[in-house]
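Computed from the coordinates by the stated procedures, all read-outs in this text should not be read as laboratory data. No experiment lies behind these values; they were computed from the predicted model shown. Counting neighbours? That spans all protein chains shown, and the Cβs are built from the backbone with ideal geometry, glycine included.
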Amino acid sequence: MSSDASVPTILVHGGAGWRDDAANLPAAVAACEQAATAGHRVLLDGGSALDAVEAAVRALEDEPVLNAGVGSCRTSTGDVEMDALIMDGASLALGAVAAITRVLHPISLARRVMSDTPHTFLAGEGASVFADRIGFPRCAPEDLIVQRDAPPSVGDTVGAVALDASGMLATAVSTGGIPGKLPGRVGDSPLVGSGAYANAAVAVGATGDGEAIMKLVLSKHVADLVRGGRSPQESCVVGIELLDTFGSHGGLIALDVAGSVGIAFNTAALPHAYAIGNDQVRASAK
């Protein structure tokens, strides 16, 4: 944690699997801009990094163009099963859910796992029972399914990392999985160290080929590089180079306690947006 006041910073992404000629890519960039604005507002109002990443990812989950919450992919049986994780860098507290159904905001349920249970990870029916026990809002299965003329050209995760004025870092990720996955398949997103990781020095989020990301424990690898003295940008680039050795695609975002950001990907586009201090939100796909 920084001894001086830190510059509030947020960075979000909308998935790594985009073609640069996708007709809905501008909408994905706009969704990231809106999500970064939501998280940025929390930070400027004095909120915590944890509150900021939850707000940003909730906004991403509300966007049908993205593969999380509304707009999630269907399993091979036509259902929707979602995963999410949120982590506080200062305390290493975290909450995660996997194969959750009938909730619009899996990221907020993951946070309730962190705050309302002695556990860090609930899955499937157990996560659903917990949601009902705490009165978490439920939705109809069809509320999560968007009819598309063509398969979505999105990666399997959305995410956010943030630094608040107190020098605290946090990360959050959410996903609707991969199209046609087997029921019960869990990707990298809810697995701490794979889909995301945060400590007192850095917050990281990953997106892309979940099977490869899990094998590499990629987010923790990037975090260790930053702790070893590399910049977030260099560390993200090294992480993507490691993915390349598997012939896999993906993207990484990172933010350290000094407010330095990192963004790297080996796909055609990665919609993302960020804001530093009082600066306006900047959004791009490149």
Checklist line | Choice from Ser231, Ser166, Ser76 showing the highest fluctuation, given a GNM over the chain with Cα pairs closer than 10 Å | finding: Ser76
Notebook entry, point to check: Given the C-alpha centroids of region 227-286 and region 157-175, what is the distance between them in whole angstrom?
Noted result: 13
Note to self: So, R0 is 35 Å and r is the distance between the beta-carbons of Leu44 and Phe246; what FRET efficiency does that work out to, to 0.05?
What the structure shows: 0.30
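Sort His13, His105 so that the residue with the fewest other Cβ atoms within 10 Å of its own Cβ comes first and the one with the most comes last.
Working: His13 31, His105 23.
So the ranking, lowest neighbour count to highest, is His105, His13.
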Checklist line | Amide H contacts under 5 Å for Gly89, placed H, 5+ residues apart | finding: Leu169, Ala170, Thr171
Note to self: Between Leu163, Leu191, Leu216, where does the largest GNM mean-square fluctuation fall for the chain, given springs only between Cα atoms within less than 10 Å?
What the structure shows: Leu216
Check: In which sequence would His119, His40 go, from the one with the fewest C-beta neighbours within 10 Å to the one with the most?
Finding: His119, His40
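For Asp20, Asp256, Asp83, what's the fewest-to-most ordering of other Cβ within 10 Å of each Cβ?
Least to most surrounded, the residues fall as Asp20, Asp256, Asp83.
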Next item on the list: Report the paramagnetic label zone for Asp79: residues of region 101-117 whose backbone N is under 18 Å from a point 7 Å from Cα along the Cα-to-Cβ axis.
Entry: 101-106
Check: Stretch Ser260-Arg282 to full length: gain in nm at 0.36 nm per residue minus the Cα-Cα span?
Finding: 6.4 nm
Next item on the list: Calculate the spin-label point distance for Ser231 paired with Ala27, positioning each point 7 Å from the Cα along the beta-carbon direction, and give it in nanometres.
Entry: 3.6
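Once the piece of chain linking Glu142 and Val238 is laid out straight, how much longer is it, given 0.36 nm per residue of separation minus the C-alpha distance between them?
Working: separation 96, 0.36 × 96 = 34.56 nm, distance 4.01 nm.
Result: 30.6 nm gained on full extension.
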Check: Could you give the semi-axes, largest first, of the ellipsoid that matches region 11-116, computed as the square roots of 5 times the alpha carbon gyration tensor eigenvalues and rounded to whole Å?
Finding: 23, 20, 10
Next item on the list: Given the options Gly247, Gly210, Gly95, state which has the largest fluctuation in a GNM of the chain using a 10 Å cut-off (strictly under) for Cα springs.
Entry: Gly247
Next item on the list: Specify, per residue and in Å³, the volume enclosed by the convex hull of the alpha carbon atoms belonging to the chain.
Entry: 109
Next item on the list: Take the alpha carbon atoms of region 77-135, find their center, do the same for region 1-57, and report the distance between the two centers in whole angstrom.
Entry: 21
